[in-house]
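For reference, the structure discussed in these notes is given below.
The values are calculated or read from the model by the stated rules, or taken from the named source; none is laboratory data. These numbers come from a predicted model, not from an experiment. Note: ideal-geometry Cβ built from the backbone for every residue, glycine included; neighbour counts use all protein chains shown. Calculation scope for accessible area: heavy atoms of the full protein, side chains included, ligands and nucleic acids excluded. Shrake-Rupley method; radii C 1.70, N 1.55, O 1.52, S 1.80 Å.
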Amino acid sequence: MMDDLTLLGFGPDGWAPLLLKGCLLTLAVSATSMAIGTVLGVLLAWARLKGPRWLRRTALVYGVILRGVPELLVILLLYFGLPSLILSLSDTFGWEAPGLPPPFLVGSVSVGLVSAAYQAEIFRGGIGAIPRGQFEAARAMGFSDLMCFHRIVLPQVARVVLPALGNAWQFNLKDSALIAVTGLSELMRTSLVAAGSTRHPFLFFGVAMALYLVLTTLSSTAFHYGGRYSNRWDRG
Amino acid sequence: MGEHLTFIGSVTAQLVRAVPVTLLILAVSGVCATVLATGLTAMSVARSPLPRLVQRTWTFLFRGTPLILQIFMIYYGFAMVPWIRHGILWAAFRDPVFCTCLAMTCCCSAYIAEIFRGALAAVPRGEIEAGRACGMTGFMLLRRVIAPSLIRIALPSYSNEIIMMTKSTSLASTITVLDITGVAQQVIAHSYRTLDVFCAAAALYLLINATLSTLLTALERRLDVDRTPTPLAPIPPTLEPLS
Amino acid sequence: MDAAPQDTLRTVVIGTEGAFPPWNITRPDGTLIGFEPDLLQILCQRANLRCQLVAQDWDGMIGALQAHKIDVIADALQITPARKAVLAFSLPYAITTGVFVTQKDSPLARMANRGLVLDLDANPTPERQTQALAALREELRGKTLGVAISSTYDAFLDKYLAGVITIKSYRTMGERDLDLLSGRIDLTLDDTTYLRPLLAAPDAQDLVLVGPELIGGELGAGEGFGLRQDDAALAERLNAAIRSAIADGTVKRLSLKWFKADATPDLGPDPASTSSGTPKP
Amino acid sequence: MTVPPPVLTATNIRKSFGDREVLAGISLEAREGEVISILGGSGSGKSTFLRCLNLLEVPDDGQIAIGDVQAPLARNRHGRLEVSDSRAAARLRTQTAMVFQGFNLWPHLTVLQNVMEAPLRVHRRDREEVQATARSLLERVGMAGFHAAYPKRLSGGQQQRVAIARALATNPKLVLFDEPTSALDPERVREVLALMRSLAEEGRTMIVVTHEMAFARDVSSRVVHLMNGRVESSGPPAHMFGADASPAFRAFLSPAAL
Amino acid sequence: MTVPPPVLTATNIRKSFGDREVLAGISLEAREGEVISILGGSGSGKSTFLRCLNLLEVPDDGQIAIGDVQAPLARNRHGRLEVSDSRAAARLRTQTAMVFQGFNLWPHLTVLQNVMEAPLRVHRRDREEVQATARSLLERVGMAGFHAAYPKRLSGGQQQRVAIARALATNPKLVLFDEPTSALDPERVREVLALMRSLAEEGRTMIVVTHEMAFARDVSSRVVHLMNGRVESSGPPAHMFGADASPAFRAFLSPAAL
Ligand SMILES: Nc1ncnc2c1ncn2[C@@H]1O[C@H](COP(=O)(O)OP(=O)(O)OP(=O)(O)O)[C@@H](O)[C@H]1O
Ligand SMILES: Nc1ncnc2c1ncn2[C@@H]1O[C@H](COP(=O)(O)OP(=O)(O)OP(=O)(O)O)[C@@H](O)[C@H]1O
Ligand SMILES: [Mg+2]
Ligand SMILES: [Mg+2]
């Protein structure tokens, strides 16, 4: 028992600093990738609903592939595959070899790319749930597509998609664990390393679960209030 | 180059033999999670507070922690509990496939319930009131009026979830199940050709998922009454945090 | 490319998992300790390398090497022919014997030939060894054996125990040990370097070493550093350093410190040409 | 002549939204075969009152009985009125039907299925028979050619007519109509009014919120004028549209003579 | 007296849904200050026609011009008419406004925001000025007390009045009304009609689908009767409601005299 406390403390034998650092990294990667995923996801959803034929197809194929392939592969390909390709190209053509991209960026981008594919589906469902009359009323007043989206679709879609976006966010939190392959010590890897190095798997996995729960609670509180706000016109 | 292709060919052949395991886990946990999620959704709108609390706690726990940790805790953690290890349940908990299915059912049911809950709130109030006004209650109202709209609204997100589940089955490999990923990892351990093997495995997952999403999209089309989105009115008091 | 002379200083990045005691362990402050970090410190000095040790998840290890993110993998890699298709290896810097472990109250706890060392390379095979392997086959019939996925016992198991036992692969040794304790597997086969320190730990009181110890042959040629195949220059430098560390007993000292056993490999005589990174059997 | 038994008795119904008191104590008794028109300004609480009658809206206070069965309303711990037994409420509702102001057709069912749904599923009647009734009702509202259409493809008036057919399909004792002819042209209005008149003659009880003065005057047996959440005046049409109607009601009517 | 310039010219509009031909070639010209009432049975295509006029529905055939700007309709590869330039279409629409049969208020905006949205965002007018206009319009439709309410909480008639205010807020050249008084009580009907009459006097052009014969007769400058997808007859109200109206229109009207 004493032993456990030492292991989790801030002392020289305590893992607390590393675990907290891991937590922060997890949060940072998830938030970055969520932002990338949301922006790209909205664009993809829009492309699938309103784009010209080729764009609709492209968005569809993007979705099928990025959702269909395990996330780990996306990260591996982006982080190692792409630089290797560039490396061999630059070897062939005698260019200056570019350095490896920063792991944080690649990690966030790859998780974001995957997340975008999921979020596109969520937004598509959400937009589909808005009564047609709402668009028509806007169009009849001369709203452009973009304005219609910004002023009419987005506020209404928010309440429909928030629970599903909450899911996507949770997933992002956990997908961020995969970027350990780029060498980043986020929460999951830190706890794996700690478990391996100290041979106390249950202790550290238990702590990791608790920390994930803390992150979740914080974020779902945010989603809760977001949901309440986006829903203010429908209560009572 | 030729050697490369032969290698990928033989790896693929090995991986294909593991596909049934992956599909089995997916099918069992997919069905169980959906059934459980339906129950959880019903609990979330129950009149009395207890079922609501159970639903919220369940969602909080299983949605809030990574599936891999849940699998780990169920597989290794329960084995540390004497009454499970020496009880009759051990026959089940001994089996890693069972443990994976159990963990995935719990985890995914929380996600799916959340999707259903959002969709439920998005079913137009007027339609439900029309059902009530002619004397429908409980199950009938659910089956005849709510479910058709709910399914249509929930389907895109639900498809998402099923596809995520397909990929999550790969976590079974961490507790010795020889599914697609399990076999892939074994091959990698002997050959160190991480990227090649992962690509072959990814192709298989992609195939499964493309098939699934084609089926689900077709279903979505069939359910869509006239290819135009359903109008709807209200939505949910969302995602209340556990107080 | 850089076939520079031995005496120019070169910076290399060395990747290790950092969660594989006692080979490499992460301290709570993030520093890496263990047999390999200790050894590398000495080797780098001798090879005139400025080494930087980084922790890296195993799934990305090979990719990182090939993308020039790291130059050396030091993660208790066992040298096998299949792996050589992808990686170049240095000379082995340790060789370990394989040994079985089971629970004290298991019927297997009374396995025969305890402590007998079977050298699978021995030629001709001694009578005693043939008998011992036959006995092993009988004793293990119908049992379930767990191995860590990164270990290299499969070739041995395929050859001597195929069709007799069920094999389960684990992601990490720690997880396999948990299952050994829970009784999902009957026994495991692993390196003495890993198992001896484990059995000394208080939570492994129920475990016991059983049966013969295995060495050579299908078990591989020992643990070596993984390198890019085109980085022969680095292999040469490391090989020379490894030879000297073995010759002056450094390896022995460190392995006694971390493994509680001598894991010094026998490299045979130093060949005139060092162009090949493979050790002579 | 004996007085027919009451089909609906609502006593002192109150309902507020926030601090806007919409119904300030309304009582109404409808006897078998009566057709009661409820008139009143926009936003005067007509729809709310109708929705209270079949418990879609729970009143803050008051009592409701269908036939001699009391609606299951009881106060909860916090003193708010609540539906205390949802099965009993559903049972009561099987005897009533409602045409909504916004129609509320089920989008996933065709016109014919919309009409057949309640008698088939709730009343578990024979399919053949239900189908025959549904077809004849759709015929009577002029929607015979639209059996297989989905509601979304119908014009406003067509949806309204389907909603009327749906309400009548269960053969309910009491029908609540919320502006049943608002989306209809004069020709259709006449047809629907004729239909309602024939229902009245069959002895069905109807409560009709309407802005159609012709209907109130010619079909209904009683006219109720709501104002400021109360019954401002009520009586038989001959009285209400006659010379000694209340001044408020006369003011309300005057523009109709525009 | 000079003839005012045409504000809307629709030529030979055709539209079918599946094999149901709803509009079989309708032409209509509306000159500045004209108020045109469109009458017709339920399902006769009135809403569809109105929706074609501002391209919410793309006609199968025909031409539309607002002022002297031709609507951007062109045939695609498959020979189907399409909106060829959605920016141009949006620009045209800024000059028209529409009151929908189903109101289509934006549920996430309050009453005041609903009314202010288009002039603020599309026309980029000054906020102060827009707000003043919006308030005065809401006042005129009797919704002054509801600025901060969300549409869901409004009664049918209240929503309809907000929809009217919203349409007028951009000060459009041409206003399309789809049954603007269907959900209103006689008192409100009178108010709305008065409002429309004053708009007509300001010289605004209006096309009004209505079942309110009083409106058609007293406010409009021309009455158009649709039947079977065509203009069955049309003319000034004096003529249409007079003795020599077409028999079909007389038959359509007769029940109004019920
Ligand atoms: N999207 C659609 N798909 C198929 N048919 C349609 C569609 N929209 C309208 N219709 C059909 O077109 C016809 C005309 O509809 P429209 O809404 O224009 O009628 P309307 O004259 O406005 O009737 P009302 O007075 O009842 O509102 C109707 O028969 C309707 O069923
Ligand atoms: N859910 C609600 N929340 C708050 N206020 C509401 C709600 N529903 C109705 N109201 C208010 O109650 C009042 C009465 O509404 P109701 O729909 O009963 O009017 P109505 O008499 O049917 O009017 P109309 O003839 O326009 O349909 C209105 O002022 C409306 O704003
Ligand atoms: Mg109403
Ligand atoms: Mg219409």
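Quick check: anything in the stretch E:101-109 assigned to a loop (DSSP other than H, G, I, E, B) and at pLDDT 90 or above?
To start, the set of residues in the stretch E:101-109 that are assigned to a loop (DSSP other than H, G, I, E, B) comprises E:101-109.
Filter once more, so that each one left must be at pLDDT 90 or above: none.
No: the stretch E:101-109 contains no residue that is assigned to a loop (DSSP other than H, G, I, E, B) and at pLDDT 90 or above.
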For the stretch B:123-143, give me each residue that is surrounded by fewer than 24 Cβ atoms within 10 Å (Cβ to Cβ), more than 7 Å from chain D (Cβ to nearest Cβ) and not β-branched (Val, Ile, Thr). B:124, B:125, B:138, B:139, B:141, B:142, B:143
Which of the following residues is away from chain C (no Cβ under 14 Å) and either surrounded by 19 or more Cβ atoms within 10 Å (Cβ to Cβ) or on the phi > 0 side of the Ramachandran plot (or both): B:47, B:117, B:52? B:117
For the list (1) in contact with a helix residue (DSSP H, G or I) (Cβ under 8 Å, 6 or more places away or on another chain); (2) more than 16 Å from ligand 2 (Cβ to nearest atom); (3) at pLDDT 90 or above; (4) of a type outside the set (Gly, Ala, Ser), I need the number of the one condition that residue D:178 fails. (2)
Of the conditions (1) within 11 Å of residue D:165 (Cα to Cα); (2) more than 9 Å from every other protein chain (Cβ to nearest Cβ), residue D:97 satisfies every one except a single condition; which number is it? (2)
Would you mention how many residues in the stretch D:150-204 are within 16 Å of ligand 3 (Cβ to nearest atom) and hydroxyl-bearing (Ser, Thr, Tyr)? 2
Lone unmet requirement of (1) outside any helix (DSSP H, G or I); (2) crowded, with 23+ Cβ neighbours inside 10 Å for residue B:100: (1)
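Inspect the stretch C:220-235 for any residue being within 14 Å of the chain's Cα centre (by Cα), open to solvent by 30 Å² or more (accessible area, probe 1.4 Å) and closer than 24 Å to residue C:84 by Cβ and give the result as yes or no.
Start the filter on the stretch C:220-235 by keeping residues that are within 14 Å of the chain's Cα centre (by Cα), which leaves C:220-226.
The next check asks that each one be open to solvent by 30 Å² or more (accessible area, probe 1.4 Å); those that pass are C:221.
This time we only want the ones that are closer than 24 Å to residue C:84 by Cβ, so: C:221.
Checking the stretch C:220-235: at least one residue is within 14 Å of the chain's Cα centre (by Cα), open to solvent by 30 Å² or more (accessible area, probe 1.4 Å) and closer than 24 Å to residue C:84 by Cβ.
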Residue D:112 fails exactly one of (1) in contact with a His (Cβ under 7 Å, 6 or more places away or on another chain); (2) modelled with pLDDT under 90, namely (2)
In the set A:121, A:71, which member is under 24 Å from residue B:115 (Cα atoms) and within 14 Å of chain C (Cβ to nearest Cβ)? A:71
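I'm trying to understand the selection: among the residues of the stretch E:115-142, which are of a type in the set (A, V, I, L, M) and either at pLDDT 90 or above or in contact with a Gly (Cβ under 8 Å, 6 or more places away or on another chain) (or both)? I'd like the intermediate steps shown before the answer.
In the first step, residues of the stretch E:115-142 are kept if they are of a type in the set (A, V, I, L, M); the result is E:115-116, E:118, E:120, E:122, E:130, E:132, E:134, E:137-138, E:141.
If the condition is that a residue be of a type in the set (A, V, I, L, M) and either at pLDDT 90 or above or in contact with a Gly (Cβ under 8 Å, 6 or more places away or on another chain) (or both), then E:115, E:116, E:118, E:122, E:130, E:132, E:134, E:137, E:138 are the ones that fit.
Given the stretch D:176-258, what helices (runs of 4 or more DSSP H) lie entirely inside it while holding 1 or more residues that are within 11 Å of chain E (Cβ to nearest Cβ)?
Working: elements: D:186-201, D:213-218, D:237-240, D:247-253.
In the stretch D:176-258, D:186-201, D:213-218, D:247-253 are the helices (runs of 4 or more DSSP H) which contain 1 or more residues that are within 11 Å of chain E (Cβ to nearest Cβ).
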Name the residues in the stretch D:16-33 that are charged (D, E, K, R) and at pLDDT 90 or above, would you? D:21, D:29, D:31
Which condition number does residue E:92 fail, the rest of (1) away from ligand 4 (no atom under 16 Å from the Cβ); (2) under 24 Å from residue E:32 (Cβ atoms); (3) touching a residue at least 40 places away in the same chain (Cβ under 8 Å) being met? (3)
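For the stretch B:11-44, how many residues are open to solvent by 40 Å² or more (accessible area, probe 1.4 Å) and either under 19 Å from residue B:120 (Cα atoms) or at pLDDT below 90 (or both)?
Initial filter on the stretch B:11-44 (open to solvent by 40 Å² or more (accessible area, probe 1.4 Å)): B:12-14, B:16-17, B:20-21, B:23-24, B:27-28, B:31-32, B:35-36, B:38, B:42-43.
Then keep just the ones that are either under 19 Å from residue B:120 (Cα atoms) or at pLDDT below 90 (or both); that gives B:35-36, B:38, B:42-43.
Residues that pass the stated criteria total 5.
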Take the residues in the stretch D:30-44 that are within 14 Å of chain E (Cβ to nearest Cβ) and open to solvent by less than 10 Å² (accessible area, probe 1.4 Å); name whichever of them is farthest from ligand 2 (Cβ to nearest atom). D:37
If we ask which residues in the stretch A:151-166 are free of Cβ contacts under 8 Å to residues at least 40 places away in the same chain and open to solvent by less than 10 Å² (accessible area, probe 1.4 Å), their number turns out to be 5
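More than 26 Å from residue A:103 (Cβ to Cβ), of a type outside the set (Asp, Glu) and either touching a strand residue (DSSP E or B) at 6+ places or on another chain (Cβ under 7 Å) or open to solvent by 10 Å² or more (accessible area, probe 1.4 Å) (or both): does that describe residue C:16?
Values: more than 26 Å from residue A:103 (Cβ to Cβ): no; of a type outside the set (Asp, Glu): yes; either touching a strand residue (DSSP E or B) at 6+ places or on another chain (Cβ under 7 Å) or open to solvent by 10 Å² or more (accessible area, probe 1.4 Å) (or both): yes.
So residue C:16 does not fit the description; no.
So which of D:224, D:231, D:208, D:219 ends up being open to solvent by 10 Å² or more (accessible area, probe 1.4 Å), modelled with pLDDT of 90 or more and either over 24 Å from residue D:57 (Cβ atoms) or away from ligand 4 (no atom under 16 Å from the Cβ) (or both)?
Unique residue meeting the criteria: D:231.
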Going by what's in this entry, would residue C:155 be described as modelled with pLDDT under 85, open to solvent by 10 Å² or more (accessible area, probe 1.4 Å) and more than 30 Å from residue C:254 (Cβ to Cβ)? no
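So in the stretch A:146-200, with the set limited to residues that are small (Gly, Ala, Ser) and not in a helix (DSSP H, G or I), which one is modelled with the highest pLDDT? Quick ask: steps written out before the conclusion?
Restricting attention to the stretch A:146-200, the residues satisfying the condition of being small (Gly, Ala, Ser) are A:158, A:164, A:166, A:168, A:176-177, A:180, A:183, A:185, A:191, A:194-197.
Keeping just the survivors that are not in a helix (DSSP H, G or I) gives A:183, A:185.
Working: A:183: 75, A:185: 80.
Among those that are small (Gly, Ala, Ser) and not in a helix (DSSP H, G or I), it is A:185.
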Check on residue A:185, of a type in the set (Gly, Ala, Ser), open to solvent by 10 Å² or more (accessible area, probe 1.4 Å) and closer than 25 Å to residue B:116 by Cβ: no
Check residue D:200 against each of (1) open to solvent by less than 30 Å² (accessible area, probe 1.4 Å); (2) touching a Leu at 6+ places or on another chain (Cβ under 7 Å) and name the one condition it does not meet. (2)
Failed item, numbered, when residue D:214 is tested on (1) of a type outside the set (S, T, N, Q); (2) free of Cβ contacts under 8 Å to residues at least 40 places away in the same chain; (3) within 26 Å of residue D:52 (Cβ to Cβ); (4) open to solvent by less than 60 Å² (accessible area, probe 1.4 Å): (3)
Looking only at the stretch E:132-160, filter to residues that are within 9 Å of ligand 2 (Cβ to nearest atom) and open to solvent by less than 30 Å² (accessible area, probe 1.4 Å); which one of those is nearest to the other protein chains (Cβ to nearest Cβ)? E:157
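What helices (runs of 4 or more DSSP H) completely inside the stretch A:1-120 contain at least 2 residues that are modelled with pLDDT under 80 and surrounded by fewer than 14 Cβ atoms within 10 Å (Cβ to Cβ)? Can you show your working first?
On the way: elements: A:2-8, A:16-50, A:53-68, A:71-76, A:82-93.
Of the helices (runs of 4 or more DSSP H) lying wholly inside the stretch A:1-120, those with at least 2 residues that are modelled with pLDDT under 80 and surrounded by fewer than 14 Cβ atoms within 10 Å (Cβ to Cβ) span A:2-8, A:82-93.
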Any residue that is within 14 Å of chain D (Cβ to nearest Cβ), within 15 Å of the chain's Cα centre (by Cα), within 16 Å of ligand 3 (Cβ to nearest atom) and open to solvent by 10 Å² or more (accessible area, probe 1.4 Å) - is there at least one of those in the stretch E:103-120? yes
Hey, among C:76, C:47, which residue is touching a residue at least 40 places away in the same chain (Cβ under 8 Å) and open to solvent by less than 10 Å² (accessible area, probe 1.4 Å)? C:47
